[in-house]
Amino acid sequence: MDTNTKIGWIGSGVMGTSMYKHLLNAGFRGSVFSRTKSKAQPLLDSGAQWADSPMEVAGNSDIVFSIVGYPADVQEVYFGDKGLFKDALKGSILVDMTTTSPSIAKEIYNTAKLKGIYTLDAPVSGGDVGARNATLSIMAGGDREVFDRVLPLFNILGKNIQYHGPAGSGQHTKMCNQIMVAATMIGACESILYGYKAGLDLEVMLQSISKGAAACWTLDNLAPRMLKHDFEPGFFVEHFVKDMGIVLDEAKKMNLVLPGLSLVHQFYIAVNSMGYQKKGTQALLLALAKLSNISYK
């Protein structure tokens, strides 16, 4: 893709900053908007131009990426008084990488189609590590030809990029991802607590189980943080609670029962109530430790 293509960006959080920086480092230029301008400073230092609203980003961009927090934020970014749809260029592409509901992705797609604009829903997995290292998994929904046009940019951001079908399919795939993450997270936390109570050397224990049938991304990337009592976010607890809520809502529409996810969701609500909503998802360990009256040190 020609680096003269103007790439706009909405959102400069834990993941968005690293992601847009990769595109800037690849030679692309464009404007950025974030609710807190100071958080966008690293991007401004890397050559991005500041925009005062999503609308302003849209008016100056051939392709706009967004990655924000909640479904309500996505609605505001796209449909608000100063949203992307107010000034998006005909023929431009809007790519939402936020984890949000499939219904919102379809609403964005249908609205854009009436305006001669193209869209993709393309949520990601891999956390802050994947964003920094450009190794994200990217799950895309929308028109195949639009996906093919954006693929060179996705290849700058990630290593596992898949097209899943029409609008909303990327979000549905991310819901599958979050169900699996919930299961592996509680398994990792309970394993560490069991090893702790059994008096094991936890680092040696993890070396053993992470190379066998228990091997998973959570053990490789988040379990070591738990051992170091590092509960800072790669992915916020409050955002994971939001994601699990979306999954459960979608499952209800399908008459699908997900008892495992429902249980983990309740545990994470407890993590929220303990005041850890801004911590990383690995803070589940603290809530589970409290249930067994364990002082994890």
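The values are calculated or read from the model by the stated rules, or taken from the named source; none is laboratory data. All values reported here derive from a predicted model rather than from experimental measurement. Don't worry about glycine lacking a Cβ; one is built from the backbone with ideal geometry, like all the others, and counts go over all protein chains shown.
Structure summary
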quantity	calculated
Residues located in segment 187-226, provided they are surrounded by fewer than 15 Cβ atoms within 10 Å (Cβ to Cβ), outside any loop (DSSP other than H, G, I, E, B) and among the hydrophobic types (A, V, I, L, M, F, W, C)	V204
Residue check for D230: under 21 Å from the mean Cα position of the chain (by Cα) and at pLDDT 95 or above	yes
L248 vs. criteria assigned to a helix (DSSP H, G or I) and over 15 Å from G187 (Cβ atoms)	yes
Test: residue in segment 263-274 that is small (G, A, S) and either under 24 Å from G170 (Cβ atoms) or not in a helix (DSSP H, G or I) (or both)	no
Residue satisfying condition, being at pLDDT 95 or above and within 29 Å of P102 (Cβ to Cβ), within set A214, A182	A182
Residue selected from segment 92-134 under the condition of a type in the set (A, V, I, L, M) and part of a helix (DSSP H, G or I), by the criterion nearest to the chain's Cα centre (by Cα)	A131
Residue satisfying condition, being closer than 20 Å to Y118 by Cα, of a type in the set (D, E, K, R), outside the structural domain of K252 (by TED's automatic domain parsing) and in contact with a helix residue (DSSP H, G or I) (Cβ under 8 Å, 6 or more places away or on another chain), within set D96, D2, D62	D96
Top-ranked residue in segment 65-93 [being more than 17 Å from K115 (Cα to Cα) and aromatic (F, W, Y); ranked as surrounded by the most Cβ atoms within 10 Å (Cβ to Cβ)]	F65
Checking A40 against (1) farther than 24 Å from F147 by Cα; (2) of a type in the set (G, A, S); (3) out of contact with any Ser or Thr (no Cβ under 8 Å at 6 or more places or on another chain); (4) touching a residue at least 24 places away in the same chain (Cβ under 8 Å), the condition it does not meet	(3)
Condition check for D243: crowded, with 18+ Cβ neighbours inside 10 Å and charged (D, E, K, R)	yes
Count of residues meeting criterion [in a helix (DSSP H, G or I), over 27 Å from K106 (Cβ atoms) and not hydrophobic (A, V, I, L, M, F, W, C)] in segment 229-245	0
Residue ID - nearest to G69 (Cα to Cα), chosen from residues in segment 18-44 that are at pLDDT 95 or above and among the charged types (D, E, K, R)	K21
Residue within segment 61-70 that is modelled with pLDDT of 95 or more and assigned to a helix (DSSP H, G or I) present	no
Residue in segment 141-153 that is over 15 Å from Q171 (Cβ atoms), among the aliphatic types (A, V, I, L, M) and under 15 Å from the mean Cα position of the chain (by Cα) present	no
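Residues checked against (1) closer than 17 Å to D128 by Cβ; (2) not in a loop (DSSP other than H, G, I, E, B):
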| site | (1), (2) |
| --- | --- |
| G13 | yes, no |
| S18 | yes, yes |
| H22 | yes, yes |
| G27 | no, no |
| S38 | no, yes |
| Q41 | no, yes |
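Residue by residue, here is whether (1) among the aromatic types (F, W, Y); (2) farther than 17 Å from W9 by Cβ; (3) more than 21 Å from the chain's Cα centre (by Cα); (4) part of a helix (DSSP H, G or I) holds:
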{"site": "M55", "(1), (2), (3), (4)": "no, no, yes, yes"}
{"site": "Q75", "(1), (2), (3), (4)": "no, yes, no, yes"}
{"site": "D81", "(1), (2), (3), (4)": "no, yes, yes, no"}
{"site": "K90", "(1), (2), (3), (4)": "no, yes, yes, no"}
